[in-house]
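Remarks on the structure that follows.
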Amino acid sequence: MFSFLQHTFMVYALLLALLIALAAALLSPFLVLSKQSLIADGMAHIAFTGVVIGLLFSNEPLYIALPFALLASIAITFLTEHANLDNDAAIGVVSVFALALGLIIISKSDGFNRSVESLLVGSLLTVTVPEIIGASVLALLVICFILIFYRKLIITTFDVTHARFAGVNTMFLKYALSALTSIFVVVGVRAIGALLISAFILFPTLISRQLSKSFNMTLWGGVIISLIATFIGITVSYHFTLPTGPAIIMVFTTFLVVAYIIRIIIAKRRLKDAPNARS
């Protein structure tokens, strides 16, 4: 079952995927529960264009894609705060513009010989050591950020107005969370793909919330679920010769369906046992 670990490229793929899954699961509840989950999808479109521009000028597009995505995340947050736009509208404006720019660059660049499909669906089995180092730095940044601002992030997630009255610098937290999400997307988009990377933000909280009763349980349950789903997805993709990114997403989806069914069964049992408890 674990024979794939004999191959160096599979070990690299597993390490990168687990680091991406860890970072995404830690960011997930703060984005999903504050209704900012679309930012990951929008940043994926932006990162796609950043990688395209980077590939035109360098063999290491991360150096160009990263500042491009960071500037876009700042633009999204600025539009939300100062241009009287809803968060999803600001994300849509910036991400659609960036995606259109990327497609124009591809159409006009005769020397662009990279596969656009690999940018859309990812190529996890071709990861390099620098990418693993980048993912490690990302995971460390996310862990430090959440440990330092954990309580303030929780307050801001559920009630921004109360957080402001309590003296929390909500503007800084919003910009920082958006910037970390953009870094996560850029690091993960070449491995997982622009079409799939946002799922790593969405699924951990959606699955964990089906069975958890508190924010802490949602957060840490999401981390565990994300790591397990990623490991199973890579294992399945190797043994059945499937695309790795899509295989991981299929495992996530299966987990969500199972968790939902379990929640329904538990709820029905509680309703059934309620009359007996009263008597």
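Read the figures in this text as sums done on the coordinates, not as results from a lab. A quick note: this is a predicted structure, and the numbers were derived from the prediction, not measured. No Cβ is skipped: glycine too gets one built from the backbone with ideal geometry, and neighbour counts run over all protein chains shown.
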Inset, instruction - Give the Cα extents of the range 181-274 along the principal axes, in whole Å, largest first. - result: 51, 32, 19
Inset, instruction - Work out, in µm²/s and without decimals, the Stokes-Einstein translational diffusion coefficient of the range 145-199 at 4 °C, 1.567 mPa s, Rh from Kirkwood over C-alpha pairs. - result: 104
Legend entry - Charge context of Phe215, other residues only, Cβ under 14 angstrom, K/R +1, D/E -1: +3
Inset, instruction - Hey, could you get me the Stokes-Einstein D for the range 64-209, Kirkwood radius over alpha-carbon pairs, 20 °C and 1.002 mPa s, rounded to whole µm² s⁻¹? - result: 125
Legend entry - Fluctuation leader among Gly222, Gly167, Gly233 - the chain, Gaussian network, Cα springs under 10 angstrom: Gly167
Inset, instruction - Work out the length of the dipole vector of the chain about its Cα centre, built from +1 on the beta-carbon of each Lys and Arg and -1 on the beta-carbon of each Asp and Glu, and round it to the nearest 20 debye. - result: 1160
Legend entry - Mean shadow area of the chain over all directions, Cα convex hull, nm²: 17.6
Legend entry - Length-normalised contact order of the range 3-197 in % [C-alpha pairs under 8 Å, at least 6 apart]: 37
Inset, instruction - Using only the Cα atoms of the range 121-164, construct the convex hull and provide its projected area averaged over every direction, in square nanometres to one decimal. - result: 4.8
Legend entry - Rg and Dmax of the range 232-272, Cα atoms only, in Å: 14.6, 45
Legend entry - Hz values of 3J(HN,Hα) by residue in the range 147-162 - Karplus curve (6.51, -1.76, 1.60), Gly and Pro given as x: 5, 6, 10, 3, 5, 5, 5, 5, 4, 5, 4, 9, 7, 5, 4, 4
Legend entry - Gaussian network model of the chain, springs between alpha carbon atoms under 10 Å - residue of Thr181, Thr230, Thr254 with greatest fluctuation: Thr254
Legend entry - Kirkwood hydrodynamic radius of the range 1-112, Cα pairs, Å: 15.9
Inset, instruction - Please tell me which of these pairs span more than 28 angstrom C-alpha to C-alpha: Lys35/Lys272; Lys35/Lys213; Lys35/Lys152; Lys152/Lys268; Lys174/Lys213; Lys174/Lys268? - result: Lys35/Lys272; Lys152/Lys268; Lys174/Lys268
Legend entry - Under the Karplus curve 6.51 cos²θ - 1.76 cosθ + 1.60, θ = phi - 60°, whole-Hz ³J(HN,Hα) for the range 37-51, x wherever Gly or Pro sits: 5, 5, 4, 5, 5, x, 5, 5, 5, 5, 5, 4, 5, x, 5
Legend entry - Extension gain from His239 to Thr8, taking 0.36 nm per residue of separation minus the Cα-Cα distance: 81.6 nm
Legend entry - Loop-exposed chymotrypsin sites (Phe, Trp or Tyr not before Pro) per DSSP, neighbour cap 12 Cβ within 10 angstrom, longest uninterrupted part of the chain: 3-239
